[in-house]
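The values are calculated or read from the model by the stated rules, or taken from the named source; none is laboratory data. For clarity, every value in this text was computed on a predicted model and none was experimentally measured. Glycine gets a Cβ as well: all are built from the backbone with ideal geometry, and neighbour counts include every protein chain shown. Note: accessible area is taken over every heavy atom of the protein model, side chains too, but ligands, DNA and RNA are not part of it. Shrake-Rupley method; radii C 1.70, N 1.55, O 1.52, S 1.80 Å.
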Amino acid sequence: NAGVTQTPKFQVLKTGQSMTLQCAQDMNHNSMYWYRQDPGMGLRLIYYSASEGTTDKGEVPNGYNVSRLNKREFSLRLESAAPSQTSVYFCASSGLRGGRIPGELFFGEGSRLTVL
Amino acid sequence: GENVEQHPSTLSVQEGDSAVIKCTYSDSASNYFPWYKQELGKGPQLIIDIRSNVGEKKDQRIAVTLNKTAKHFSLHITETQPEDSAVYFCAATMGFGNEKLTFGTGTRLTIIP
């Protein structure tokens, strides 16, 4: 059972470089999310996709773009990386519980990004 | 928007003792309160949740209590074991979907053998 798979697990970038974090889930979930985790700040939502073909901003979207490629895949792109984007990034997905109630979030193992 | 405060930020307890983590929320319309556990190098995982129509929920050694009047909820872990060592996050939402979920800042729990 793979669940939510993120790549890469580690990445070092220089300021101004671009990169894409990939995420795939095999649970047939409609909703997918990108969070960042910083010390002392918990998890903050960057972007989410409630269903295939839709994306919306979360709490901290500046400097990021996303693509919901299909139902399984949701990618996060940094066009011009900045040191403030040094963080651990988590992808998550959720389905419906009982056919109607939003289910729990299933997280990937995280991608640690350092921007120099 | 919703604001969730979590205390303490770190907690050490002797194996076998109980641990309590407390959270407060600001929006009285919030109606769903999950708790996530994050082990080292892993993503968070849901361990228990509670909705606003109940005051307490238990699952083996874990329980969550909710006081809607005071706008606070707590995680209780009894008979702690070394595998309980992790970071715990509370969260709250008034929305129907997870996109409205606001997380606390986390509590690092260490169980001392």
Item to check | Any chance A:GLU52 is more than 23 Å from B:VAL4 (Cα to Cα), part of a loop (DSSP other than H, G, I, E, B), at pLDDT below 95 and in contact with a Lys or Arg (Cβ under 6 Å, 6 or more places away or on another chain) | outcome: yes
Next on the checklist: So B:THR80 ticks every box in (1) open to solvent by less than 10 Å² (accessible area, probe 1.4 Å); (2) within 14 Å of the chain's Cα centre (by Cα) but one. Which box is left unticked?
Outcome noted: (2)
Item to check | First in the stretch B:35-53 and more than 7 Å from every other protein chain (Cβ to nearest Cβ) and over 13 Å from A:VAL88 (Cα atoms), second anywhere and open to solvent by 90 Å² or more (accessible area, probe 1.4 Å) and of a type in the set (S, T, N, Q), Cβ under 6 Å, 6 or more apart | outcome: B:LYS37/B:GLN45
Item to check | Filtered residue count, the stretch B:83-113, keeping only those that are open to solvent by 50 Å² or more (accessible area, probe 1.4 Å), within 17 Å of B:GLN45 (Cβ to Cβ) and touching a residue at least 40 places away in the same chain (Cβ under 8 Å) | outcome: 1
Checklist outcome for this item: When restricted to A:ARG72, A:ARG68, A:ARG44, the only residue among the charged types (D, E, K, R), open to solvent by less than 50 Å² (accessible area, probe 1.4 Å) and over 26 Å from B:GLU5 (Cβ atoms) is A:ARG68
Next on the checklist: So, in the stretch B:6-30, how many residues would count as being open to solvent by 50 Å² or more (accessible area, probe 1.4 Å) and closer than 30 Å to A:THR5 by Cα?
Outcome noted: 2
Checklist entry - If only one of A:GLY58, A:GLY110, A:GLY103 is touching a strand residue (DSSP E or B) at 6+ places or on another chain (Cβ under 6 Å) and at pLDDT below 90, which one is it? => result A:GLY103
Next on the checklist: Just to be sure I understand, how many residues within the stretch A:13-57 are more than 26 Å from B:ARG108 (Cβ to Cβ) and aliphatic (A, V, I, L, M)?
Outcome noted: 6
